[in-house]
1. So which residues in the stretch 113-138 are part of a helix (DSSP H, G or I), over 14 Å from S45 (Cα atoms), in contact with a Leu (Cβ under 8 Å, 6 or more places away or on another chain) and modelled with pLDDT of 95 or more, if there are any at all?
2. Looking at V313, V235, which one is touching a Lys or Arg at 6+ places or on another chain (Cβ under 7 Å) and either over 30 Å from L22 (Cβ atoms) or at pLDDT 90 or above (or both)?
3. Among the numbered criteria (1) open to solvent by 20 Å² or more (accessible area, probe 1.4 Å); (2) modelled with pLDDT of 95 or more, which single criterion is violated by D191?
4. Of the conditions (1) open to solvent by less than 10 Å² (accessible area, probe 1.4 Å); (2) more than 22 Å from the chain's Cα centre (by Cα); (3) more than 17 Å from L47 (Cα to Cα), K146 fails just one. Which one is it?
5. Which of the residues spanning the stretch 345-354 are open to solvent by less than 20 Å² (accessible area, probe 1.4 Å), within 25 Å of the chain's Cα centre (by Cα) and closer than 21 Å to E413 by Cα?
6. Pairs under 7 Å by beta carbon, first residue within 23 Å of S319 (Cα to Cα) in the stretch 11-35, partner small (G, A, S) and buried (at least 24 other Cβ atoms within 10 Å of the Cβ), six or more apart or different chains?
7. Only one residue in V306, V313 is farther than 30 Å from R75 by Cα, surrounded by fewer than 14 Cβ atoms within 10 Å (Cβ to Cβ) and aliphatic (A, V, I, L, M), so which one is that?
8. For the stretch 223-251, which residues satisfy the criterion of being out of contact with any Phe, Trp or Tyr (no Cβ under 6 Å at 6 or more places or on another chain) and open to solvent by 40 Å² or more (accessible area, probe 1.4 Å)?
Amino acid sequence: MALKKVLAIVLAGGEGNRLMPLTADRAKPAVPFAGGYRLIDFALSNLANSGYLQIVVLTQYKSHSLDRHISETWRMSTQLGRYVASVPAQQRVGKSWFLGSANAIYQSLNLIHDANPDIVVVVGADHVYRMDFSQMVEQHVASGAKATVAAVRQPLAMANQFGVIEVDGNDPQKISAFVEKPAETAGLAADPTQFLASMGNYVFDADALVDALKLDAERLDTKHDMGGDIIPYFVGKGEAGVYDFTLNEIPGSTERDRTYWRDVGTIDSFYDAHMDLISPVPVFNLYNSEWPIYTRQSISPPAKFVHGENQTVGSALDSIVASGVVVSGGIVEGSVLANDVYVASGSRVQDSVLMDKVRVGEGAVIKRAIIDKNVRIPAGAAIGLDPELDRARGYKVTQSGITVLAKGQLVPEPEEAELALSAEYRRALPEAVKAATEGHPEARESLEKTAEAQASAVEV
């Protein structure tokens with residue numbers, strides 16, 4: 001079989017309203033993730049690891065930080081015909097901006113004409129997973145389909161959140177129906193508790209995709225969407241195939257994380273994805289060096305943990321800590337700390353996500369919170385302990401109780417009631433440390449001293 005020429009298109013123009021306020025100042029694919037990455041790094045790393053090194057990224061909404069990240073991070077040898085190019089909406093075929101994901105590609109057809117590929121791989125930019133797209137392309141070519149959709153298995157209860165794929169009874173690689181977010185659907189024959197959900201990743205014969213996009217652009221009864229319009233078009237012609245993500249083999253993966261895929265389109269799913277990273281045997285393993293996730297490397301110094309006041313010891317349990325972090329006499333538990341975070345003496349950060357350059361003041365307590373970049377938490381503040389107090393101070397609180405602070409959001413000095421709340425929480429720290437260090441006497445001895453010192457330092 002002759003080697004096919006592949007162009008990869010990454011759809012990165014999404015506004016990401018459900019991730020507000022994290023998307024108030026940036027496009028969704030540019031949202032920081034896991035301490036040192038951006039969400040788009042997962043899509044780009046998967047493509048690069050798959051051997052596809054001609055990549056265009058279609059951007060639109062508040063794209064400056066995304067464009068800068070791509071230009072600073074994703075540099076390849078153009079002499080060898082390799083590139084990652086950020087392409088904004090340009091109004092090439094009219095005076096409108098992108099009207100949908102399909103329209104974004106239609107307005108950028110010059111990119112396909114210039115590259116002249118045999119195959120076009122189209123992927124989203126805001127999912128967390130590992131995938132070898134070359135295996136999907138191989139099945140696509142062998143099947144004779146004009147379009148192939150990557151599918152991940154999901155519980156039936158989540159059918160109303162995804163594009164649902166129904167397969168042909170005689171050919172499990174052929175799509176018989178594709179429905180966007182139905183109220184319910186039938187389960188799989190192999191597992192009636194699950195269905196096949198579209199991952200938002202597609203493989204097309206280039207000429208067939210161009211024809212479909214041109215027809216879609218002429219229609220008035222369309223939302224110009226890849227999943228809602230283009231894929232049903234191919235299904236109607238009997239030319240759409242499905243690629244089961246469970247078949248994908250990744251070097252260095254384990255059975256626990258091999259088929260991990262998460263759509264981080266909401267605050268709750270974004271938070272949960274971070275919590276998936278920090279267990280001793282993580283649900284998603286960032287440390288697989290055989291299929292690395294690439295990003296821009298920080299020039300920050302190494303992280304350090306030092307003594308603070310009152311003989312407290314800076315400590316982190318079950319956490320990810322990036323370069324430049326300083327934990328000075330505070331305790332960090334079950335959290336992800338990005339570059340250059342500072343945690344002061346007597347403070348406690350629990351089950352939280354702190355982005356670049358967040359500073360946590362002395363005696364402050366943060367629990368089940370997401371704190372965006374450059375936020376300064378004053379001494380004695382209590383965030384995530386009282387939802388009503390958090391809302392009163394202008395913070396977003398999800399229905400599940402996650403408190404979110406926007407990039408650079410001002411945190412007022414705590415009043416007496418808030419100081420009392422954080423002090424009460426710190427008093428409970430010794431017992432919490434005992435539970436967290438059960439079976440680890442060496443860790444318990446040092447951490448108990450820190451916990452006792454923090455519990456006694458109730459005045460800030």
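1. If we filter the stretch 113-138 for residues that are part of a helix (DSSP H, G or I), which is where we start, we get 113-115, 133-138.
Adding the requirement that they be over 14 Å from S45 (Cα atoms) leaves 113-115, 135-138.
Cutting the leftovers down to in contact with a Leu (Cβ under 8 Å, 6 or more places away or on another chain) gives us 115, 135.
The answer is Q135, and nothing else.
2. V313
3. (2)
4. Condition (1) is where K146 drops out.
5. Keep residues of the stretch 345-354 that are open to solvent by less than 20 Å² (accessible area, probe 1.4 Å), which gives 345-349, 352-354.
Narrowing the set further to residues that are within 25 Å of the chain's Cα centre (by Cα) leaves 349, 352-354.
Hits for the stretch 345-354 are V349, S352, L354.
6. From the stretch 11-35, the pairs are P32/A338; G35/A338.
7. Unique residue meeting the criteria: V306.
8. The answer is K223, D225, Y233, G236, K237, E239, T246, L247, E249.
The values are calculated or read from the model by the stated rules, or taken from the named source; none is laboratory data. Just so we're clear, the structure is a prediction, and the values are computed from it rather than from any experiment. A quick note on method: Cβ atoms are made from the backbone with ideal geometry, for glycine too, and the neighbour counts reach across all protein chains shown. Surface areas here come from the heavy atoms of the whole protein model, side chains and all, with no ligands, DNA or RNA. Shrake-Rupley method; radii C 1.70, N 1.55, O 1.52, S 1.80 Å.
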